[in-house]
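The values are calculated or read from the model by the stated rules, or taken from the named source; none is laboratory data. Note that this is a predicted model, so its numbers are computed, not measured. Counting neighbours? That spans all protein chains shown, and the Cβs are built from the backbone with ideal geometry, glycine included. Heads up: the accessible areas ignore ligands, DNA and RNA and are worked out on the full protein's heavy atoms, side chains in. Shrake-Rupley method; radii C 1.70, N 1.55, O 1.52, S 1.80 Å.
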Amino acid sequence: MAVATIAAAITTLAGCGDSSGTEKDQLLVSGASSLTDAFTAYGKDFGAADVKLSFAGSDELAAQIRAGAGPDVYAAANTDLPDQLNADGLAGKPVVFASNRLVLAVPPSSEIRSVADLARPGTKLAIGSPSVPIGSYTRTVLSRLDAPERDAILSKVRSEEPDVAGIIGKLTQGAVDAGFVYATDVEATGGRVKAIRLPARLQPSVAYGAAVITGASHPEEAAQFIDGLVSGQGAVALRKAGFEAPPG
């Protein structure tokens, strides 16, 4: 996607307006798809600026920033991508603000009860692409299985999606029988899919990181937005959406 198109998409997305009619600065926030519900709620309550939100896979958003897109805040579903932007001088020091759990998502009437059931003949599975955090976390889960079981499950993959929204979409459309997503993504569907918890030995550590982008138009408001994710209205919105406190 061209940088100009990306910038236009970000600036035209609906955000949080000031009901008093007073003009506010626009704070551009790029967030991982799994943060959609939490950040939308937080944006409506954020008083320091008019929040404009853009959601996609964490890797896609990072690539946009490297290509010249200029959000004020970048929030990813891992800590590696914000750390890499920081190391390259494209973002400030990242803040770890939440954690999540990986689950196996299936339709409510599914007979799949465990990861082992994915190896059944005829099962169709959706996972994240290798470059996006949900895909990386999923491969961590599968790497902890015995090789025959892992290979059998990987043979059932019918779709590798660029973000969790794509996996949920394939599930709700009936295109696949199961998919690995975050627990919060299942909660956000309102019962259209159900979650199967993973055994502790398979569960990866899922941490979210956010950073102020270098050259941000509104760095003070961006820092306030991130602070609120740790202790403030953002943290409240995250907990309501099912996110857990940051690790440690």
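Dipole orientation for the chain: of the candidates Leu118, Ala188, Ser217, Leu118 has the Cα lying most toward the positive pole (charges on Cβ; Lys, Arg +1; Asp, Glu -1). The slack in the chain from Arg113 to Ser99, taken as 0.36 nm per residue of separation less the alpha-carbon distance, amounts to 2.6 nm.
Might you tell me the accessible area per residue for the chain, computed with a 1.4 Å probe and given in Å²? Walk me through the numbers before you get to the answer.
Details: 10760 Å² over 248 residues.
Accessible area per residue, the chain: 43 Å².
So if I take the centroid of the Cα atoms in the range 176-247 and the same for the range 36-113, what is the distance between those two points in Å? Cα centroid to Cα centroid, the span is 8 Å. Sequence-distant contacts, meaning Cα pairs under 8 Å at least 6 residues apart, place the relative contact order of the range 163-248 at 24 percent. Given their separation in residues at 0.36 nm each and the Cα-Cα distance between them, Glu23 and Gln84 gain 18.5 nm when the chain is fully extended. The candidates Arg150, Arg201, arranged from most to least accessible area with a 1.4 Å probe in the full protein assembly, appear as Arg201, Arg150. Shown here: log10 I(q)/I(0) by the Debye sum over Cα atoms at q = 0.13, 0.14, 0.17, 0.18 Å⁻¹, derived from the displayed model; of the candidates (i) -0.78, -0.89, -1.22, -1.33; (ii) -0.89, -0.99, -1.26, -1.35; (iii) -0.78, -0.92, -1.45, -1.65, it corresponds to (i).
Note on the chain: GNM, Cα springs under 10 Å; of Ala105, Ala41, Ala147, the largest mean-square fluctuation is that of Ala147.
Under 10 Å, Cα contacts only: if you run a Gaussian network model on the chain, which one of Ala48, Ala195, Ala126 comes out with the highest mean-square fluctuation? In this elastic network of the chain, the residue with the biggest mean-square fluctuation among Ala48, Ala195, Ala126 is Ala48. Couplings 3J(HN,Hα) of the range 189-195, computed from phi: 7, x, x, 6, 9, 10, 9 Hz, in residue order, whole Hz [Karplus 6.51 cos²θ - 1.76 cosθ + 1.60, θ = phi - 60°; x for Gly and Pro]. Ordering Glu221, Glu60 by accessible surface, largest first, gives Glu60, Glu221; the 1.4 Å probe counts only protein heavy atoms, with every chain in place. Positive end of the dipole of the chain (Cβ unit charges, origin at the Cα centre): among Ala56, Leu202, Ala241, the Cα lying farthest that way belongs to Leu202. Would you please classify the overall shape of the range 146-203 from the alpha carbon gyration tensor, given that a ≥ b ≥ c denote the square roots of the eigenvalues, rounded means a/c under 1.5, and beyond that prolate means a/b larger than b/c while oblate covers the rest? In terms of gyration-tensor shape, oblate. For the set Lys156/Lys240; Lys124/Lys240; Lys170/Lys194, the pairs lying more than 26 angstrom apart at their alpha carbons are Lys156/Lys240; Lys124/Lys240.
The residue list Gly92, Leu171, Leu145 was ranked by how far each Cα lies along the charge dipole of the chain toward its positive end, using unit charges on Cβ atoms, and Leu145 comes out on top. How large a share of the accessible area of the chain, in percent, is made up of carbon and sulfur atoms when the probe is 1.4 Å and the other protein chains stay in place? Carbon and sulfur: 50 percent of the exposed surface of the chain.
Looking at the chain, the DSSP beta bridges with both ends there are about 55 percent antiparallel.
The lysines whose alpha-carbon is closer than 18 Å to the alpha-carbon of Lys52, local same-chain residues fewer than 8 away aside, are Lys24, Lys44. For the range 141-156, 3J(HN,Hα) computed residue by residue from phi via the Karplus equation (6.51, -1.76, 1.60; θ = phi - 60°) reads 4, 5, 5, 8, 8, 5, 3, x, 5, 4, 5, 5, 5, 4, 5, 8 Hz, glycine and proline entered as x. Under a 5 Å amide H cut-off, with hydrogens placed 1.01 Å from N, Ala178 pairs with Lys124, Ala126 among residues at least 5 apart or on other chains.
Taking the Cα centre of the range 105-153 as reference, the dipole from Cβ charges on Lys and Arg (+1) and Asp and Glu (-1) amounts to some 100 debye. Label-to-label distance for Thr189 and Lys124 is 1.4 nm, based on points extended 7 Å past Cα in the beta-carbon direction. A simple charge model with +1 on the Cβ of Lys and Arg, -1 on the Cβ of Asp and Glu and nothing else charged puts the dipole of the chain at about 960 debye relative to its Cα centre.
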